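The values are calculated or read from the model by the stated rules, or taken from the named source; none is laboratory data. Values in this document were obtained by computation on a predicted structure and should not be read as measured data. So basically every Cβ, Gly included, is an ideal-geometry build from the backbone, and we count neighbours across all protein chains shown.
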Amino acid sequence: MYRKTGRRIVVILIITLVSLYISLPNIIPVKINYKDKSIVDTVLKKRFLANDLRLGLDLIGGSYLVFEVNTSDISLEKRADALSSLKDVMEKRVNLFGIAEPNIQISSFEGRDRIIVELPGVRDTKEAIELIGKTAQLTFAEVVEPAEEGEEASLAITDLTGADLIDSEVGFDQVSGKPMVVVRFNDEGKEKFSKLTEKNINKPLPIILDGQVISAPVVQDKIDGGTAQISGDFTLDEAKDLSIQLNAGALPASVELISERTVGATLGRESVEKSVRAGVVGLLFVLVFMAVFYGKLGLVADIGLIIFGLITLSLYKLIPVVLTLPGIAGFLLSVGMAVDSNILIFERFREERRGGVNIIYALETSFDRAWDSIKDANIATLLTAFVLANPLNWNFLHTSGPVRGFAITLALGIGISLFTGIFVSRNLLRYFIREGSDNK
Amino acid sequence: MNWMKYRPFYLVLSVFMIALSFYGIIRWSINLGVDFLGGAMIEYSFSEDVSTEDVSSSLNEEGFDVASVQVIGDGNILIRLAEVDTKSRERIKEILGELDGGEVVEVRYESVGPSIGPELIKKTVYAVIISAGGILIWVALQFRSLRFGVSAILAMFHDSFILVGSSSILGYFFGMEVDFLFVTALLTTLSFSVHDTIVVYDRIREIRRKRGGEFDDIANRAISETMRRSINNSVTIILMLLALVILGGTSTRWFALALLVGTVLGTYSSPFVAVPLLVTWGEVAEKFKRVYNKKV
């Protein structure tokens, strides 16, 4: 068993170094002064694994918007489609703003349908809300030939709108087997569409959603049946995309902003600074406490705790975990649980030693026996964290927001603490104790 | 040490804390924030100091329904109102700009519709029921006895109820507000409480397997042997949280305090609520068995 320890120490060392590398900021200014002269003044940049720590809205500032969708006019079976169409439309609008990493999700709970939009770093929320919350406008247009030669053709909006559409779906051409989009009109739309196609044979008929042309099919013939087919060189995804957009215009569900949280960037920065400072001070207290109370054992636990911190930070960057204030709380709690594993083991160790057994034997048994408690207790906590994190996106549990952020960092912290508390501390102790006994 | 001898004392203490919590909740109710009640909350920073009286009187003059104005953090002003639309939000900023506060910056804005709060509560209740059920099953299976599971869950609800009670008292006397973050603190307390209880249970199981003996002797031993660990572990968590209370930002201060109260309760309840329940349950069951056997 002890022969393997050396190899394991190497593994621990490698993991530590890799996590240290990932944890470091991506850009490190290096300045070395010697006798008022600057010898080195450069900036180190990471080339590999240069992932950034992602901060939540409460830390970098931004807006969290909840829109309630009025789906009462839409039949139950079409609601899910209508919501995903709407989400799609909102995504396109948000992209117009050029916001980095927006997050848009659907949340349905007890008959209320909502769309949650997270906009990190947005300044002008008023404009964003107006644009995002607008009801989708779908219209058909005609191409007007220029009156004089040399002028550009213009578009004229017709009276055929999304309200005249029943729905649209993806179909397949019976001859070529290629994907196409089938559009169905209601009675009124049937009339309007028939007239429009008659007038525009062999001309394009642009379809406009939110002021953007999403398709401009050329009319082949007059269509009376109330069903139109848009064919072309679509891939299946393109056809689906067009169909979703048409549906968004066909079911213009209105939305209402029911909740908004906007945090200014300065307030967010203050929160980060204060939380980090508090975290560092708290962590130092814990390190000192462990060293004072458990001596050399405590120092080993402290090393384990620092490795815990490095691995956690790297995983936050790699996964990535969006860090929020409650998330920081989850992390702090997991630090407590990581320390707890060590305390359980050390108290056990003291008991065994008091019983007069040999130091190596005492070490091994205390790890083995404490493992039962650590495992049972942490599984119970993981269970709670799992329900709160709701990884399967069950609608009756929290699907977004602070509770989830907390649970994710807590669960991650417990997982890592099991590794550092058992594997890292144990092997480090084995190593130090063996070295110590060799010297005697 | 014979911890179980003092069971009546623990009972009195717990009953007292629960009664106090009930009293607080009924008398002062819970100071719910906009997350639950709906409404708006806007935080402004001013380059010069302004008085809260000036802010509230100038807004009231314009007909805004101002619920409260308070100074938080480094001289920022926090205003709570009934629901606000974009127009009135702009108007408020204008009005504040006319005060002698210099430059006004809106640093935080929260507006919550009335349907959000009930949804938050329901989802949290579902989450608590599911995790409590899961923990009950896990503990009962792990210790092959339902009473271990039930006692752990009862201790856990004991802690969370008293935490809610303390929030009512802190809310009335010190203006603590129950918000989204408080819910998180409550859930943390739930898991911490069980975590701590399982460690004591585990020791009970081990002693029973190795030495056997009367159940209350086993329980006493287990509590004595885990006491130092419990206290040391709590001390480390309390150190972290104290740092957050003292040095952390205003937005997390009450949150950290709630976690602190929860940690203390969770540590207390393991030896002094969960285990006494376990022992008492065993004794009562034993008595019933005896009576039943006599009759047969």
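Rundown of residues vs (1) of a type in the set (Val, Ile, Thr); (2) at the interface with chain B (Cβ under 7 Å from one of its Cβ atoms); (3) not in a helix (DSSP H, G or I), yes/no style:
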site: A:Thr365; (1), (2), (3): yes, no, no
site: A:Asp372; (1), (2), (3): no, yes, no
site: A:Asp376; (1), (2), (3): no, yes, no
site: A:Thr381; (1), (2), (3): yes, yes, no
site: A:Val387; (1), (2), (3): yes, yes, no
site: A:Asn395; (1), (2), (3): no, no, yes
site: A:Thr399; (1), (2), (3): yes, no, yes
site: A:Val403; (1), (2), (3): yes, yes, no
site: A:Gly413; (1), (2), (3): no, no, no
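Please tell me if B:Thr197 is at pLDDT below 90 and either part of a helix (DSSP H, G or I) or within 25 Å of B:Leu154 (Cα to Cα) (or both).
Judged against the criteria, B:Thr197 is not a match.
Go through the range A:111-132 and report how many residues are in contact (Cβ under 8 Å) with a residue 40 or more places away in the chain and either in a strand (DSSP E or B) or at the interface with chain B (Cβ under 9 Å from one of its Cβ atoms) (or both).
So the count comes out to 11.
Residue-wise test of (1) more than 30 Å from A:Gly56 (Cβ to Cβ); (2) touching a Lys or Arg at 6+ places or on another chain (Cβ under 6 Å).
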| residue | (1), (2) |
| --- | --- |
| A:Val280 | no, no |
| A:Ile306 | no, no |
| A:Leu315 | no, no |
| A:Pro326 | no, no |
| A:Gly330 | no, no |
| A:Met337 | no, no |
| A:Ile343 | yes, yes |
| A:Leu363 | yes, no |
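If you check A:Val10, A:Val40, which single one turns out to be within 19 Å of A:Ile307 (Cβ to Cβ) and more than 31 Å from the chain's Cα centre (by Cα)?
Matching residue, one of A:Val10, A:Val40: A:Val10.
Which one of these does B:Ser193 not meet: (1) within 13 Å of chain A (Cβ to nearest Cβ); (2) over 28 Å from A:Gly413 (Cα atoms)?
(2)
Tell me which residues, restricted to the range B:219-236, are surrounded by fewer than 17 Cβ atoms within 10 Å (Cβ to Cβ) and more than 10 Å from chain A (Cβ to nearest Cβ).
Matches in the range B:219-236: B:Ser224 only.
For the range B:94-125, how many residues meet the condition of being exposed (fewer than 13 other Cβ atoms within 10 Å of the Cβ), closer than 26 Å to A:Arg269 by Cα and within 13 Å of chain A (Cβ to nearest Cβ)?
Of the residues in the range B:94-125, 1 are exposed (fewer than 13 other Cβ atoms within 10 Å of the Cβ), closer than 26 Å to A:Arg269 by Cα and within 13 Å of chain A (Cβ to nearest Cβ).
Would you mind stating whether B:Arg91 is more than 10 Å from every other protein chain (Cβ to nearest Cβ), closer than 30 Å to B:Val273 by Cα and charged (D, E, K, R)?
The answer is no for B:Arg91.
Could you please let me know if A:Ala301 is among the small types (Gly, Ala, Ser) and without any contact (Cβ under 8 Å) to a residue 12 or more places away in the chain?
Considered against the rule, which asks whether it is among the small types (Gly, Ala, Ser) and without any contact (Cβ under 8 Å) to a residue 12 or more places away in the chain, A:Ala301 comes out as no.
Just to be sure before I move on: is B:Ile218 in the same structural domain as B:Ser21 (by TED's automatic domain parsing), aliphatic (A, V, I, L, M) and out of contact with any Phe, Trp or Tyr (no Cβ under 6 Å at 6 or more places or on another chain) in the structure I sent?
Judged against the criteria, B:Ile218 is a match.
Checking A:Asp167 against (1) out of contact with any helix residue (DSSP H, G or I) (no Cβ under 6 Å at 6 or more places or on another chain); (2) in contact (Cβ under 8 Å) with a residue 24 or more places away in the chain, which single condition isn't satisfied?
Tallying (1) out of contact with any helix residue (DSSP H, G or I) (no Cβ under 6 Å at 6 or more places or on another chain); (2) in contact (Cβ under 8 Å) with a residue 24 or more places away in the chain, A:Asp167 fails exactly one: (1).
Here are some conditions: (1) assigned by TED's automatic domain parsing to the domain that holds B:Arg228; (2) surrounded by 18 or more Cβ atoms within 10 Å (Cβ to Cβ). B:Phe46 meets all but one. Which one does it not meet?
(1)
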